[in-house]
Amino acid sequence: MLRLSKRLEMIAEEVPPGSRLADIGSDHALLPIYLAERGAIVRGIAGEVNAGPRDAADRNVRAHGMAGLIDVRLGDGLSVVKAGEADVVTIAGMGGALIASILGQGLDKLSGVRRLVLQPNVGEFIVREWLYAHGWVLTGERILEEDGKIYEILTAVPEGDAPLTNSKLYRERRWPGEQAAAGRELLLKLGPYLTDQAPPVWAAKWERELDKLQMIADQLGNSNAEASQQKRTELLNEMEQIREVLRCSQKVKPSSN
């Protein structure tokens with residue numbers, strides 16, 4: 001049986017048994033093959049935008065005896081899917097802006113989709129913002145480190161299927177006895193579930209991000225332009241907010257007011 005990286009294995013765990021899966025940007029169709037071999041999907045679509053990866057995915061599907069269950073298709077984003085053909089869509093290993101663009105351009109193909117499992121390499125904020133704006137609610141966030149890189153996996157369902165509303169999910173967090181607060185904009189960056197759970201790998205990720213932001217702030221400080229100084233002040237304020245949330249989240253679970 002096919003084995004996956006920890007990242008793809010964690011994504012596979014978010015696909016409910018009996019799903020009709022569309023895996024966009026399928027990378028040798030590893031995810032649908034893995035799920036099909038375990039009887040976790042009843043049908044799979046592996047989409048690739050370029051002929052070379054599509055052909056490699058097709059060979060891999062045939063080599064694993066899954067040609068009757070997994071359809072490998074050539075096309076851009078969700079164009080490979082017909083409306084109502086899949087109930088779970090996975091998109092992994094791309095930037096958040098590209099994932100949001102794929103979802104936006106394929107809105108009509110999301111009819112009948114009951115779950116999105118998304119793993120942006122960067123720009124998680126952009127993905128959360130798209131979901132929030134288009135009537136999807138996060139039901140979970142997972143995070144892991146593999147080969148020196150940190151990945152977040154975001155699972156979302158349509159508002160009508162969600163156990164809570166976006167307004168509830170992104171309600172301001174406060175920590176007892178602390179001045180720190182995390183409102184919607186900050187939670188879109190940090191992740192509402194990850195902020196609540198505060199796993200060590202999440203804190204490590206944001207310590208790295210703060211180092212990058214400090215470098216940007218230092219560069220802006222070398223400019224005398226008013227716009228640069230204003231941007232630097234805003235950036236430093238944001239960094240202080242993030243530091244306070246990280247500090248408080250390690251001490252005590254937040255409350256939603």
Those residues of region 194-227 which are open to solvent by less than 50 Å² (accessible area, probe 1.4 Å) and either β-branched (Val, Ile, Thr) or in contact with a Gly (Cβ under 8 Å, 6 or more places away or on another chain) (or both), in sequence order: THR195, VAL201, TRP202
Out of ARG73, ARG43, ARG20, ARG54, sole residue that is basic (Lys, Arg), surrounded by 14 or more Cβ atoms within 10 Å (Cβ to Cβ) and closer than 23 Å to LEU154 by Cβ: ARG20
Among (1) within 23 Å of the chain's Cα centre (by Cα); (2) surrounded by fewer than 17 Cβ atoms within 10 Å (Cβ to Cβ); (3) assigned to a helix (DSSP H, G or I); (4) of a type in the set (Gly, Ala, Ser), the one test that ALA100 misses: (2)
Counted residues, region 55-80 - those being out of contact with any Leu (no Cβ under 9 Å at 6 or more places or on another chain) and part of a loop (DSSP other than H, G, I, E, B): 7
Hits in region 205-257 (condition: touching a residue at least 40 places away in the same chain (Cβ under 8 Å), assigned to a helix (DSSP H, G or I) and of a type in the set (A, V, I, L, M)): ILE242, VAL245, LEU246
Pairs where the first residue, in region 58-79, is more than 25 Å from SER101 (Cα to Cα) and in contact (Cβ under 8 Å) with a residue 24 or more places away in the chain and the second is outside any helix (DSSP H, G or I) and open to solvent by 70 Å² or more (accessible area, probe 1.4 Å), C-beta under 7 Å, 6+ apart: ASN60/HIS28; LEU69/ARG43
ALA83 being in contact with a helix residue (DSSP H, G or I) (Cβ under 9 Å, 6 or more places away or on another chain), without any contact (Cβ under 8 Å) to a residue 12 or more places away in the chain and open to solvent by 40 Å² or more (accessible area, probe 1.4 Å): no
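The values are calculated or read from the model by the stated rules, or taken from the named source; none is laboratory data. The structure displayed is predicted, hence computed values, not measured ones. So basically every Cβ, Gly included, is an ideal-geometry build from the backbone, and we count neighbours across all protein chains shown. SASA here: full protein model, heavy atoms, side chains in, ligands and nucleic acids out. Shrake-Rupley method; radii C 1.70, N 1.55, O 1.52, S 1.80 Å.
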